[in-house]
Structure formats: C-alpha cells, structure tokens
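Q: Okay, here's the structure, questions in a sec.
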Amino acid sequence: MSQKTYDRLIHSHRGLIAGTMRDVILPAILGKETDGILYWIGKDLAREYPVASLEDLIVLTEQLGMGKLELRQKNSIQHVWRLSGPIVEERLAVDKEETSFSLEAGFLAQELEFQLSAVTEAEVIEHKRSYVEILAQNDPQSDTESERTELAEFIEIEKPASKQASEADSQKGRRFRHKKQAPQK
C-alpha cells in the first residue's frame, strides 16, 4: 500500500479496513475478473439480507456503507438509481472511470429480483463527480415457475428513529417464495 492510499483511506468515511478490503485486497486477489466477481458477490450479499420494500432497500444500502440510494426513474421494466454520498464521492475522487460499483449493481439487481419476482440485471450507466447511476432491468416475461425457487425470509430493517415511529406495525418475518437464479456458466 502506498502512502497516498493509506492517507486517503485512513481519513475516509469507510475507514482503513473497509477501504483496504474493497479497493486494495479484493482487486489484488481477483485481478482482471474483479468486476464480474464483485457483481456476483453483490448478489450473494443481497441473498443474506433480503428486504421487502424499496424503502427498506434504500435504508439497508446506506447501513451497509455503500452510499445513499435514491430511485430516479421507474417504469414496468426499468429502475434508474442514483448512488451518492461521501463514501461514493471519496471512491470516485480516486479515478471515477476505474472505480468499480459492480458489487452495488449486483446487490441492487438481486434485491429487486426478490421484490419483483422477475429476473433482474443491473449495470452502472453513468459516473459523475459525486454519484453513479445504476440501471436495473427486469424481465417481466421470465417464467418464475420454470426456474428453481427458494424460500426466503425478508429481514426487518432497523430504521432511523424518525421512520421507526411511523412504521411501528411494519412487516415482520414474512416468508415469500423467490426465484433463485442459477449461476451463469
């Protein structure tokens, strides 16, 4: 690790450990396959923390230290999301075109797949100075009955105090059947 990298990460919003894992160690291990593997790691992360609503997804994304997630556009097959905040700005300041947000795209794709019950893929479509935009597209024609499904339990998100009071009777421990996408070969 260089002095420049150390100085940047020790004073970052992510901290030295998280920043080193994400931006130094994983790329060193994964090499040229970093983006593709991080996408699938993001999908696996979403399987660990499945959420029932877009609001829960927004809260969880911030709790996981990925940044502030905001839905910008939505139609029946596409969602355009903006990921921003100090963490994203710090990562983009290094090299906005080379900084990978594949983990976040995979995470978002899988969470939406759970909620929409349709195969969903996501990709970063725009890098700006202070945010990235991610396009998630689902296939409403996908036949969920023909694909393998799994029983998943949505987690209950601990929301900031102001939101908790207004949602005291939120959904708890509901079980839903979700399609589990077979790994691509």
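Q: With respect to K4, is the statement that it is basic (K, R) and at pLDDT below 95 true?
A: In short, yes.
Q: Need a quick list: strands (runs of 3 or more DSSP E) entirely within the range 117-185 having at least 2 residues that are at pLDDT below 75 and of a type in the set (A, V, I, L, M, F, W, C).
A: Output list reads 149-153.
Q: If you go through the range 62-77 one residue at a time, how many are under 11 Å from A136 (Cα atoms), assigned to a strand (DSSP E or B) and out of contact with any helix residue (DSSP H, G or I) (no Cβ under 8 Å at 6 or more places or on another chain)?
A: 2
Q: Return yes when S76 is closer than 30 Å to Q3 by Cα and at pLDDT below 95 and no when it is not.
A: Criteria not met by S76.
Q: Would you check if V80 is surrounded by fewer than 20 Cβ atoms within 10 Å (Cβ to Cβ), closer than 19 Å to V51 by Cα, touching a helix residue (DSSP H, G or I) at 6+ places or on another chain (Cβ under 8 Å) and in contact (Cβ under 8 Å) with a residue 12 or more places away in the chain?
A: Spelling it out, it is not the case that V80 is surrounded by fewer than 20 Cβ atoms within 10 Å (Cβ to Cβ), closer than 19 Å to V51 by Cα, touching a helix residue (DSSP H, G or I) at 6+ places or on another chain (Cβ under 8 Å) and in contact (Cβ under 8 Å) with a residue 12 or more places away in the chain.
Q: Right, another one. Can you find a residue that is assigned to a helix (DSSP H, G or I) and of a type in the set (F, W, Y) anywhere in the range 87-109?
A: There is at least one residue in the range 87-109 that is assigned to a helix (DSSP H, G or I) and of a type in the set (F, W, Y).
Q: Checking the structure you have, find out if any residue of the range 13-21 is without any contact (Cβ under 8 Å) to a residue 24 or more places away in the chain, touching a helix residue (DSSP H, G or I) at 6+ places or on another chain (Cβ under 8 Å) and buried (at least 18 other Cβ atoms within 10 Å of the Cβ).
A: Yes: the range 13-21 contains one or more residues that are without any contact (Cβ under 8 Å) to a residue 24 or more places away in the chain, touching a helix residue (DSSP H, G or I) at 6+ places or on another chain (Cβ under 8 Å) and buried (at least 18 other Cβ atoms within 10 Å of the Cβ).
Q: Give V51, V59, V24 a once-over and let me know the one that is within 28 Å of A136 (Cα to Cα), β-branched (V, I, T) and outside any helix (DSSP H, G or I).
A: Among V51, V59, V24, only V51 is within 28 Å of A136 (Cα to Cα), β-branched (V, I, T) and outside any helix (DSSP H, G or I).
Q: Inspect the range 121-134 for any residue being β-branched (V, I, T), surrounded by fewer than 21 Cβ atoms within 10 Å (Cβ to Cβ), without any contact (Cβ under 8 Å) to a residue 24 or more places away in the chain and under 23 Å from K159 (Cβ atoms) and give the result as yes or no.
A: no
The values are calculated or read from the model by the stated rules, or taken from the named source; none is laboratory data. Remember, it's a predicted structure, so these values are computed and weren't measured experimentally. Every residue, glycine among them, receives a Cβ derived from its backbone with ideal geometry; neighbour counts consider all protein chains shown.
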